[in-house]
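The values are calculated or read from the model by the stated rules, or taken from the named source; none is laboratory data. These numbers come from a predicted model, not from an experiment. Here the Cβ positions follow ideal geometry from the backbone for every residue, glycine too, while neighbour counts run over all protein chains shown.
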Amino acid sequence: MRKFLATTFILISCVLCACAGNKQSENEDKKGEVIQMNKAMFIKDVFDYTANTDTWQYKGNKPAIIDFYADWCGPCRQTAPIMKELAKQYSNEIVIYKVDVDKEKELAALFNASSIPLFVFIPMKGEPQLFRGAADKATYEKVIQDFLLKK
């Protein structure tokens, strides 16, 4: 009986270790991806506009870009692959979020996203800057380098 219990304990331990290893690799796999954002995530990770309406105070630990888009928007579909490339390219330096304006109307209204795509560039310090419309990768890279990373 002891041998059975010991074997069972070892087996369970191995399974638990394997599961923990899988979770760690799942998190590593998500690095460098564009992150779908909703209101709750925005309040928690970016800015709590419900508590503080006067002064912008970014909560993140890396500069960020928020891409306001809609699935039906042609220019939004054109910029989506560029944002994916930039998320991978700058995975250690910035975070890129995307917000579906049809699902997150309150967030869209917060940034007056009446025309899309709308990109919000959020530096670590200072006010965010808005960029309306689609552009090429080089344009976004310049804003990342000059405004977000200040290189």
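Among residues of region 56-75 that are farther than 21 Å from Lys88 by Cα, those with a Cβ under 8 angstrom from a residue that is assigned to a strand (DSSP E or B), sequence gap 6+ or separate chain, pair up as Tyr58/Ala64; Tyr58/Ile122; Ala70/Asp100; Asp71/Asp100.
Flag set for Ala108, criterion: farther than 23 Å from Lys31 by Cβ and either crowded, with 17+ Cβ neighbours inside 10 Å or of a type in the set (Asp, Glu) (or both). Between Gln89, Gln57, the distinction of being surrounded by fewer than 13 Cβ atoms within 10 Å (Cβ to Cβ) and either farther than 15 Å from Val34 by Cβ or assigned by TED's automatic domain parsing to the domain that holds Lys39 (or both) belongs to Gln57 only.
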